[in-house]
1. Among the helices (runs of 4 or more DSSP H) confined wholly to the stretch A:231-341, which include 2 or more residues that are within 21 Å of A:V434 (Cβ to Cβ) and at pLDDT 95 or above?
2. Could you tell me which residue of the stretch A:1-10 is nearest to B:A44 (Cα to Cα), considering only residues that are basic (K, R) and over 32 Å from the mean Cα position of the chain (by Cα)?
3. Does B:E125 qualify as being touching a His at 6+ places or on another chain (Cβ under 9 Å), open to solvent by 10 Å² or more (accessible area, probe 1.4 Å) and of a type outside the set (A, V, I, L, M)?
4. Kindly provide the set of residues from the stretch A:266-296 that are open to solvent by 60 Å² or more (accessible area, probe 1.4 Å) and under 22 Å from the mean Cα position of the chain (by Cα), ordered by number.
5. Any residue in the stretch B:361-374 that is of a type in the set (D, E, K, R), touching a helix residue (DSSP H, G or I) at 6+ places or on another chain (Cβ under 8 Å) and open to solvent by 30 Å² or more (accessible area, probe 1.4 Å)?
6. Condition first: part of a helix (DSSP H, G or I) and either among the charged types (D, E, K, R) or more than 14 Å from chain A (Cβ to nearest Cβ) (or both). Now tell me which residues in the stretch B:165-183 satisfy that.
7. Quick check: is even one residue across the stretch A:198-213 within 13 Å of A:T59 (Cβ to Cβ), in contact with a helix residue (DSSP H, G or I) (Cβ under 6 Å, 6 or more places away or on another chain) and surrounded by 24 or more Cβ atoms within 10 Å (Cβ to Cβ)?
8. If A:K123 satisfies every condition in (1) of a type in the set (K, R); (2) under 19 Å from the mean Cα position of the chain (by Cα); (3) under 21 Å from A:A63 (Cβ atoms) but one, which is the exception?
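The values are calculated or read from the model by the stated rules, or taken from the named source; none is laboratory data. Note that the coordinates shown come from a computational prediction; the quantities given were computed from them, not determined experimentally. Cβ coordinates were reconstructed from backbone atoms using ideal geometry, including for glycine residues, and neighbour counts include every protein chain displayed. With ligands, DNA and RNA removed, areas are computed over all heavy atoms of the protein, side chains included. Shrake-Rupley method; radii C 1.70, N 1.55, O 1.52, S 1.80 Å.
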2 protein chains.
Amino acid sequence: MNVYELIKKKRDGLELSAIEIRSLIDGFVGGQIPDYQMTAFLMAVYFSGMSSAECVEMTMAMANSGDQLDLSAINGFKVDKHSTGGVGDKTTLVLAPLVAACGGIVAKMTGRELGHTGGTVDKLESIPGFQAELSKGDFINIVNSIRVSLISQTVNLAPADKKIYALRNVTATVDSIPLIAASIMSKKLAAGSDGIVLDVKSGRGAFTQSYGNAVELAKMMVGIGTGAGKQVVAIITSMEQPLGYAVGNALEVQEAIDTLRGQGPEDLVDLVTEIGGDMLYISGLAASREQAKSRIHETLLNQSGLKQFKKLITAQGGNPDVVNNPLLLPRPMTKVEIRSTDVGFVSAIDAMEVGMASKNLGAGRQTKDDLIDHSIGIVLKKKIGDNVTAGEVLAVLHSDGKEEKIEAARDRLRAAFSISPKNTDPPKLIHARVTEDGVEKL
Amino acid sequence: MNVYELIKKKRDGLELSAIEIRSLIDGFVGGQIPDYQMTAFLMAVYFSGMSSAECVEMTMAMANSGDQLDLSAINGFKVDKHSTGGVGDKTTLVLAPLVAACGGIVAKMTGRELGHTGGTVDKLESIPGFQAELSKGDFINIVNSIRVSLISQTVNLAPADKKIYALRNVTATVDSIPLIAASIMSKKLAAGSDGIVLDVKSGRGAFTQSYGNAVELAKMMVGIGTGAGKQVVAIITSMEQPLGYAVGNALEVQEAIDTLRGQGPEDLVDLVTEIGGDMLYISGLAASREQAKSRIHETLLNQSGLKQFKKLITAQGGNPDVVNNPLLLPRPMTKVEIRSTDVGFVSAIDAMEVGMASKNLGAGRQTKDDLIDHSIGIVLKKKIGDNVTAGEVLAVLHSDGKEEKIEAARDRLRAAFSISPKNTDPPKLIHARVTEDGVEKL
């Protein structure tokens, strides 16, 4: 194989064969193809795009590049979910026990994160004693006993993706739809579930800001997953403001608990109902999407998802009493209220900036090995469309008391809020569903 | 400086500032910017192009990246020439002494080459005793005494270009007009002459195959040179067949000598007259281009260019008797005639294939350190438009007698000739002149 010819072909907008794509990925992972040829190829993909056949082949080659999670020791249809990333997105914490309570099977590997969005593993580790790093055997036993387990990604899933992503990240080739699709789906395919519901965010706080790009990404991922023999559905949702009110690890666990108790914020409940409904439907646990959504709705009201969450916490070594006693979750040293100087209506909340303000406060890691203070974060008191009077609280910082961190976060957070004299409707949250059959507006 | 931002800007079609371009090139040469970021940048340039301001800045940064030849110890206007590369192109051998005989000053560094085209230094070294590797002091002394010297590129001219070219060569980013322009002009600017006449080849045997691309490249190079305060003219010429009849080192020296004696092939004489005329004109040695071309024409007829060539050979340690005695040049072991099996007219001669056939025979190097057999090459007996009868000689191989080399070259050379029953006119050789003022069709 001549790498030069492959780069040139892609540069000239021609389609690479399955063998060409596979030898490119394998050669790169094996160290025969140097980084400087891969980055030229990636930039050529940025400009020339990829056919869906190419994208499927690239994803499969990446999925095959390392360990693959074998879930065959778990009977039944395993269902996974994935979000392209949002601020305040604690849907996995709610959905995993909720879907299990409805009879679904959720054997999910999930991540720690560095960026402006928190990782589900970090959130779970707010719960005293919770163990996210389990052996594969323990993981499978727990799922076989209570239909759900959430563990940290310990095996070497899709190392090709890790290596390629590191290069994309420093060469301005991250925001290419086929490359995003291959990156996400390679890990999902290697993680072994039978069905996947994708939450593709669009809007100012998302990777794919435009609705059109989000739909294109969703179509590509559904095509890849279907091509690999999986049941895949994507929901296009809005990331115009943080999801729910809580941003930060322990705060998000608390909001997830409230939601499982039937007392969740409206936007989070809507999203959980839509995604959870699809998770049940593709698992074959409901005759229609409507019926599946009703099941989710009932299960929130009867709190059996909350019971399942307690079982999950217990099974993974955590203290299940956090569910009934919020004081058992990490508490901040101090709280600081951010008040409005303007009068009017909240017209926008920049989700990215809220995420960064939370990071400024110390809710995230600076480096991979930092310990996290799980108590830190932000609670929004107002969301888009809410009325604001002068001096009213917009948000509360949960802080470790370090003045310089508070200062940085305070200014950032204030700037994230836009207050307008004119009333604004809350943004529409759920835009469309993308399946193998096409795009359905919601 | 954030390299990521520079790559992204170029990717998005935005213009980089002078400071950004300079820090990119300096950082790359200094080793702070890794190859994998540079190749992503180069591929982004391939797609997004470069403004002429960007291209000027990149060229200057590359020209400044290493040694620069200081020709200030030579009084008067120093004129250089450059060809984008062709098969059988021995114009430098003719023009350097010819222009010097007319009063011009040619202090020129020239190259050895690896590809399908020969290097002027290799050709000169066919002359017994000729020394191309002189000290800078000797070089300047020779020019000050006889107005001409041709030496091998010994100093470290534009190392940024060498480093960037090596990456372009393996990442399919060679054929980008701004990158070609910056590569050529960085070396020309570092080589220190006051004026440069560029011969930009178009057609099947050239880098820029289309006339439009050749004009675009010429405009960009003229813009760069003018921006750097040089007198620059470009001539767009055709590379539809080899130039003249001889291909190979000693064979081309002989054809250059014949031309300086007033007995050159028509196409070579035409090209030498056009380029030489411009070299004289920009040197301020003629009142008009027409007058300059007449001077060149007269000088070919009165053979004073040939006398100058003898002086040049003598000054650089060679045996000047080669000029009058062809037997003193290296002679091949054997000659093999290639005969036509068809009847008709030569309608095409693939210059690239003729160059490769000559290389198959052993006229070039396989690796940088190989010794060259200067006697080897090809003499064409027919050119486009010539009548051919069955069994007539199309070309003669000058060979070292190795049968397998002859076989490879014979087939290749035969396939390079197209014979058609219909008469074809010879292709137009000189298409246009590009100056600061615009494009003039010729």
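1. Numbers: elements: A:249-260, A:266-282, A:289-301, A:304-315.
In the stretch A:231-341, A:266-282, A:289-301 are the helices (runs of 4 or more DSSP H) which contain 2 or more residues that are within 21 Å of A:V434 (Cβ to Cβ) and at pLDDT 95 or above.
2. Among them, the one singled out is A:K8.
3. Answer is yes for this residue.
4. Once the filter is applied, which keeps residues that are open to solvent by 60 Å² or more (accessible area, probe 1.4 Å) and under 22 Å from the mean Cα position of the chain (by Cα), the stretch A:266-296 yields A:E266, A:D270, A:Y281.
5. no
6. Once the filter is applied, which keeps residues that are part of a helix (DSSP H, G or I) and either among the charged types (D, E, K, R) or more than 14 Å from chain A (Cβ to nearest Cβ) (or both), the stretch B:165-183 yields B:R168, B:I177, B:P178, B:I180, B:A181, B:A182, B:S183.
7. no
8. Here A:K123 clears every test but (3).
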